[in-house]
Amino acid sequence: MMLKGKKTMRNKRKEITNQEISIIKRLIDMKIPNQEILGHINKSRGDVCNHINNGRITDIKKGKIGNNVKMATQEEANHFINIDSIENLLIHKDGYLLGRESETLEYKESFGGIKDSRLLQTIQGMANNKGGYIVFGIKESNDANISKRYKIKGIDEKEQNDLMGDNKKISEKLQSNFGEEVKYKKECKTINNKTIGYLKIEEAENKPIINTQGDIYYRYDAETKKMAKGDLVRILNEYQGKILKPILYKFINTILENGIENSAILNIATGSIKGKSGSFLIDKELLPKISFIKEGNFVEKNGAPVFVLKGDVRTAEVVRVNIKEADIYNIFFNKEDIDANEAKRCLEVIAESQCKWIPMRYFIKKANMDKEQTIEMLKKIKTTKKSYVKNHIEVLNNDEPVALSDTNIFIGKIKKKQNFEYLIKKDADINKITKAIMSLEVKDFDSKYMLKQLLWLHRKYSSSKYVTNIRKAIAYVDKSLFE
């Protein structure tokens, strides 16, 4: 009786549900091999004791089981087998992919290079959401008689080489466009005798990713567009929570270590100190006059009130870590008052920058060095990017004056402090403005106005084909103001 009971229980566990039958029918229709279908079904069942065998798939295929069960939809099957994996994304039938575009999937007919603005928007949108795949070599069907389908077209050898080429170029382009790292993977695969390529975009750790134009793109269902206010608020709240949690945990751990009865919280703005044993208030007029001293040291300073701190007291220097090229421009445009050590760190970053035209003189001045001292410092930097360092030394040694020109109509407008935003009517005006800037002497323009206008110009057009001339103009102003 017991053995019979166990057999009955085991058979009951292995009964196949109508939902599983409907999914299996769709997977059979997708021409997925029996063994692969079996793997998907048993994976969803979990415990090996609940697994079914290959015979069940064969019985469904022959109509012996679930003959009256309706076949699942494509979307239901995709969801069941986890369509987000690249293997499932590439499932195809009769030359067409069976998957559809979604918030984690975008199809593109070709790969036109990482500079494609629409591609950059999609990368940014996916990084700001959950990540996803961008697949190249897929053409949307234009047959009006059928629903939207995606044909496997493939990409040519040049596109394959461009996609799989120098990782550094792609990483640098993403870095310059977003001001921070966007993680990705890339690969080419052959399906249906055609080669397709894809980028897998990782979800960003620090959201939102913002491009140099100040726009925030987000990946919605099968489309990328500027982020809605509600999504931005949600992401900012999530980020705030991510930042605050470690701080709160640190305070809580400190309180637990000291004991709740021995701990209190000081509000340095109001002077209020509150704890389990009660609270008291430090007079507001007293707060800025309080001196903190190390226990055991004697201090007398015009009768200033003194708080005694137990333990070691150390002074700390606030430093900027992991300086990036975007930080260099921000410091320059805002004329941040950095100390000599930080200025030297900035010069080290500049030396390894691929960009030849980048502000340097401001940082040389802040580092309290002259040109010769700077060149010696650059030569001593240990780096594999010797060619970049050489370029920057050449720029420093170039003392040739820029020829003045009074034929440029923008010279007078700049002298009158007109906004670049209103001066640029067409793309060709960008080059004319940069040439006008480099035709001016320092006495001809207001430094505050010029830096503000260059900041706008740099952010607006840093991803355009005019970026080199814009950077030359910035470097020229840097040289004019700070050399």
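To the nearest 20 Debye, how big is the dipole of the range 15-81 about its Cα centre, given +1 on the beta carbon of each Lys and Arg and -1 on that of each Asp and Glu? Write down the numbers at each step before the final one.
Working: 10 positive and 8 negative charges, 50 e Å.
Computed about the Cα centre, the dipole is about 240 debye.
When you have a sec, figure out the Kirkwood radius of the range 410-482 from all distinct Cα pair distances and drop it here in Å to one decimal? The partial results should precede the final answer.
Numbers: mean 1/r = 0.0831 Å⁻¹.
Radius from the Kirkwood sum: 12.0 Å.
Return the subset of Lys43/Lys70; Lys185/Lys460; Lys108/Lys194 for which the Cα-Cα distance in this structure is over 18 Å, preserving the input order. Each step should come with its number before you reach the end.
Values: Lys43/Lys70 22 Å; Lys185/Lys460 28 Å; Lys108/Lys194 15 Å.
Correct reply: Lys43/Lys70; Lys185/Lys460.
Give the residues of the range 100-142 whose amide nitrogen is closer than 13 Å to a point set 7 Å from the Cα of Asp221 in the direction of its Cβ.
Taking a point 7 Å out along Cα→Cβ of Asp221, the residues of the range 100-142 whose backbone N falls under 13 Å are 101-104.
Take the Cβ-Cβ distance between Glu205 and Asp94 as r, set R0 to 60 Å, and report the resulting FRET efficiency rounded to the nearest 0.05. Before the final figure, lay out each step's value.
Working: r = 41 Å, r/R0 = 0.68.
It comes to 0.90.
Ordered by residue, what ³J(HN,Hα) values in Hz, to whole numbers, does the range 152-167 give under the Karplus form 6.51 cos²θ - 1.76 cosθ + 1.60, where θ = phi - 60° and Gly and Pro are x?
Calculated HN-Hα couplings, in order: 7, 9, x, 10, 7, 4, 5, 5, 4, 5, 5, 5, 8, x, 4, 4 Hz.
With an 8 Å cut-off on Cα pairs and a minimum separation of 6 or more residues, tell me the relative contact order of the range 325-397 in percent.
Working: 59 pairs, mean separation 25.4, N = 73.
Across the range 325-397, relative contact order equals 35 percent.
Provide the gained length on full extension for the span Lys189 to Lys385, in nm with one decimal, where the gain is 0.36 nm per separating residue minus the Cα-Cα distance.
On the way: separation 196, 0.36 × 196 = 70.56 nm, distance 3.33 nm.
Contour length minus the Cα-Cα distance gives 67.2 nm.
Which residues in the range 161-177 have a backbone N closer than 15 Å to a point placed 7 Å from the Cα of Ser110 along the Cα-to-Cβ line?
161-163
Arrange the following residues from fewest to most other Cβ atoms within 10 Å of their Cβ: Tyr449, Tyr217.
Details: Tyr449 14, Tyr217 23.
Sorted ascending by nearby Cβ count, the order is Tyr449, Tyr217.
Listed here are the pairs Lys153/Lys207; Lys356/Lys452; Lys207/Lys415; which of them are more than 30 Å apart at the Cα? Provide the component values of the computation, followed by the final result.
Details: Lys153/Lys207 35 Å; Lys356/Lys452 22 Å; Lys207/Lys415 40 Å.
Long pairs (Cα-Cα over 30 Å): Lys153/Lys207; Lys207/Lys415.
Beyond a 31 Å Cα-Cα separation, which of these cross-linked pairs lie in this structure: Lys226/Lys416; Lys229/Lys413; Lys130/Lys245; Lys115/Lys390? Can you show the working numbers first?
Values: Lys226/Lys416 36 Å; Lys229/Lys413 38 Å; Lys130/Lys245 22 Å; Lys115/Lys390 27 Å.
Check vs 31 Å cut-off fails for Lys226/Lys416; Lys229/Lys413.
Where in the range 378-395 does the amide nitrogen come within less than 14 Å of the point 7 Å from the Cα of Ser171, taken along Cα to Cβ?
Only 384-385 fall inside the zone, counting backbone N under 14 Å.
By per-residue mean of other Cβ atoms within 10 Å, what is the highest-first order of 243-250, 168-175?
Details: 243-250: 9.6, 168-175: 15.9.
Ranking the peptides 243-250, 168-175 by packing returns 168-175, 243-250.
What length, rounded to one decimal in nm, is gained on full extension from Glu352 through to Ala340, with 0.36 nm per residue of separation minus their alpha-carbon distance?
Values: separation 12, 0.36 × 12 = 4.32 nm, distance 1.90 nm.
Difference between extended and current length: 2.4 nm.
Rounded to the nearest 0.05, what FRET efficiency do Glu180 and Lys452 have when you use their Cβ-Cβ distance and R0 = 22 Å? Present the calculation step by step, with values, prior to reporting the outcome.
Numbers: r = 24 Å, r/R0 = 1.09.
It comes out at approximately 0.35.
Jot down the per residue volume, in cubic angstrom and as a whole number, of the convex hull over the alpha-carbon atoms of the range 92-227.
Given the Cα convex hull of the range 92-227, per-residue volume reads 103 Å³.
Would you report the distance distribution of C-alpha pairs in the range 163-267 as whole percents per 5 angstrom bin, up to the bin with the largest distance?
2, 9, 12, 15, 14, 11, 9, 8, 7, 5, 3, 2, 1, 1, 0
How many angstrom lie between the Cα centre of the range 354-398 and the Cα centre of the range 20-82?
A separation of 65 Å, based on Cα centres.
If you stretched the chain out fully between Lys425 and Asp231, how much longer would it get, using 0.36 nm times the residue separation minus the C-alpha to C-alpha distance? Let's see the in-between values first.
Details: separation 194, 0.36 × 194 = 69.84 nm, distance 3.36 nm.
Full extension from Lys425 to Asp231 adds 66.5 nm.
Quick note: the coordinates plus some simple rules give every number you see, no bench work behind them. In this text, all values refer to a predicted model and were calculated from it rather than measured experimentally. All Cβ positions, even for glycine, are placed from backbone atoms using ideal geometry, and neighbour counts span all protein chains on display.
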